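Inspection log for the structure reproduced underneath, given as structure tokens.
The values are calculated or read from the model by the stated rules, or taken from the named source; none is laboratory data. Here the structure is a predicted model, which is why all the values come from computation and not from measurement. Positions of Cβ are generated from backbone atoms using ideal geometry, with glycine treated the same way; all protein chains shown enter the neighbour counts. Quick note on the areas: whole protein, heavy atoms, side chains included, nothing else; ligands and nucleic acids left out. Shrake-Rupley method; radii C 1.70, N 1.55, O 1.52, S 1.80 Å.
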Amino acid sequence: MNGKIALEEHFNLPEFSNELPQYVNPEMMREVSRRLLEVSTERLGEMDAAGIDYSLLSLTAPGVQAETDPRRAVTRARRVNDELATIVAAHPTRYGGFATLPMQDPAAAVAELERCVTQLGFHGVMLNGFTNIGDADTGWYYDHERFLPFWERVEALGVPVYLHPRDPLPGNQGIYEGHPELFGAVWSFTVETATHALRLMTSGLFDRFPRLTVILGHLGETLPFNMWRIDHRAAAMGDLIRFKKPLTHYLLDNFYVTTSGNFHTQTLNATLAEMGVDRVLFSSDYPYESMREAADWFDNAAINHNDRVKIGHTNARRLFPGLPERIGRPAHTARA
């Protein structure tokens, strides 16, 4: 299937390369690090081979979210966004951008959000999990009231926020003691991101800003499969409840999920049954995953043609109305 639009596709700057996780197979991470820095010939060739016309690029995790100095975070975020704008300008029919924001300084984050959307033409925001502040042991989650001006501006601009995983704070890692193999994409990413999404829901954020849109990768970080039980038991929490509607309502009204790194047809079909096809979008999670594996699976998954087209590109067109009208390779180089 040609014409696919992919949303969770990462890049990096050399200055962040030594901040990537060190617990993954070193040989694999060397190759990932190299591919994160390459945004021209090789990556575009992989996109062509996978039938991906357009990718929304975002700074890989943890990125600026791991910066402990707020002033340095502001400077680094602006540099990342300027570099990404240059990449997009060089390949306007192939790449778009998600903004990197210095959430260590909420007012600066709002200003950079405004610049990225209204001046650089970015299509939304990628937040790589909680944001460190002061030191590596302290983190802010985005349900805190200090971030209300940020969410207010996000809603007003009408752009989505992609909530991407990162590993938990050091003080929250005790459950993994002796089992480093459970870090990252194996398991800790899912627990961290699903919990963060639930914090947003239970805080009443979507009651205050009902038009907010949040995207989760990996087919929703297990939330589509667990939401009935979460709702069922949350209803018994009495005075602890700060939200006005069933949590399932927020999942279905305020969230999208992508196929990034979760190439399993039964899981996809379960997600479609719970959330509906209009809330699911294609992604690969390159270069941590293979574009070709993602595409080969998706193009042949046991779903109907109309669903494949919606997930592959038309849902993205609806969610991101600012995408270029014409995407993909120029007509004289495109495949027949």
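Once you sort the root eigenvalues of the Cα gyration tensor of the chain as a ≥ b ≥ c, which label holds: rounded (a/c under 1.5), prolate (a/b larger than b/c) or oblate (the other case)? Show your work: numbers first, answer last.
Values: a/c = 1.35, a/b = 1.16, b/c = 1.16.
Rounded, because the longest to shortest axis ratio a/c is under 1.5.
Over region 198-336, what is the relative contact order in percent, taking alpha-carbon pairs closer than 8 angstrom and at least six residues apart?
On the way: 140 pairs, mean separation 32.0, N = 139.
23 percent.
Which shape class, rounded, prolate or oblate, goes with region 1-137 when its Cα gyration tensor gives a ≥ b ≥ c as root eigenvalues, a/c under 1.5 marks rounded, and past that a/b bigger than b/c marks prolate? Don't skip to the end; give the middle numbers.
Values: a/c = 2.27, a/b = 1.27, b/c = 1.78.
Oblate shape, in that a/c is at least 1.5 and b/c is the bigger or equal ratio.
Note the full-extension length gain between N300 and H91 as 0.36 nm times their separation in residues minus their Cα-Cα distance, in nm to one decimal. Could you put the intermediate results ahead of the total?
On the way: separation 209, 0.36 × 209 = 75.24 nm, distance 2.88 nm.
Computed gain between N300 and H91 is 72.4 nm.
Give me the percent of accessible area attributable to carbon and sulfur for the chain, probe 1.4 angstrom.
52 percent
From the residues V125, V80, H91, which one has its Cα farthest along the dipole of region 67-133 in the positive direction, the dipole being from +1 and -1 charges on Cβ of Lys/Arg and Asp/Glu about the Cα centre?
Of the options given, the answer is H91.
How high is the relative contact order of region 149-279, given as a whole-number percent (alpha carbon pairs under 8 Å, six or more residues apart)? Don't jump to the answer; show the numbers that get you there.
On the way: 141 pairs, mean separation 36.8, N = 131.
With pairs under 8 Å counted, the relative contact order is 28 percent.
Starting from the amide H of Y162, placed 1.01 Å from N in the peptide plane, find each other amide H under 5 Å away whose residue is 5 or more places distant or on another chain.
Answer set, sorted by chain and number: V125, M126, L127, I215.
How many nm is it between the label spots at R326 and M28, if each spot is 7 Å from the Cα in line with the beta carbon?
4.1 nm
Pop out the ³J(HN,Hα) list for region 49-56 in order, Karplus 6.51 cos²θ - 1.76 cosθ + 1.60 with θ = phi - 60°, rounded to Hz; leave Gly and Pro as x.
Along region 49-56, the couplings run 5, 9, x, 9, 7, 8, 10, 8 Hz.
Please give the per residue accessible area of the chain, computed with a probe of 1.4 Å over protein heavy atoms only, in Å².
Accessible area per residue, the chain: 43 Å².
Looking at the chain, identify the longest residue range that excludes and avoids all GluC sites (Glu not before Pro) in DSSP loops having at most 16 other Cβ atoms within 10 Å. All intermediate terms of the calculation are to be shown ahead of the outcome.
Values: sites that count: E38, E177, E325.
Longest stretch, sites excluded: 178-324.
Grab the beta carbon distance between E293 and D239, set R0 = 45 Å, and tell me the FRET efficiency rounded to 0.05. All intermediate terms of the calculation are to be shown ahead of the outcome.
Numbers: r = 48 Å, r/R0 = 1.07.
The computed FRET efficiency comes out at 0.40.
How much length, in nm to one decimal, is gained on full extension between S17 and T118, taken as 0.36 nm per residue of separation minus their Cα-Cα distance? Mind showing how you got there, number by number?
Working: separation 101, 0.36 × 101 = 36.36 nm, distance 2.91 nm.
Gain in length upon complete extension: 33.5 nm.
Using only Cα atoms, locate the centre of region 67-85 and the centre of region 214-233, then give the distance between them in Å, rounded to an integer.
32 Å
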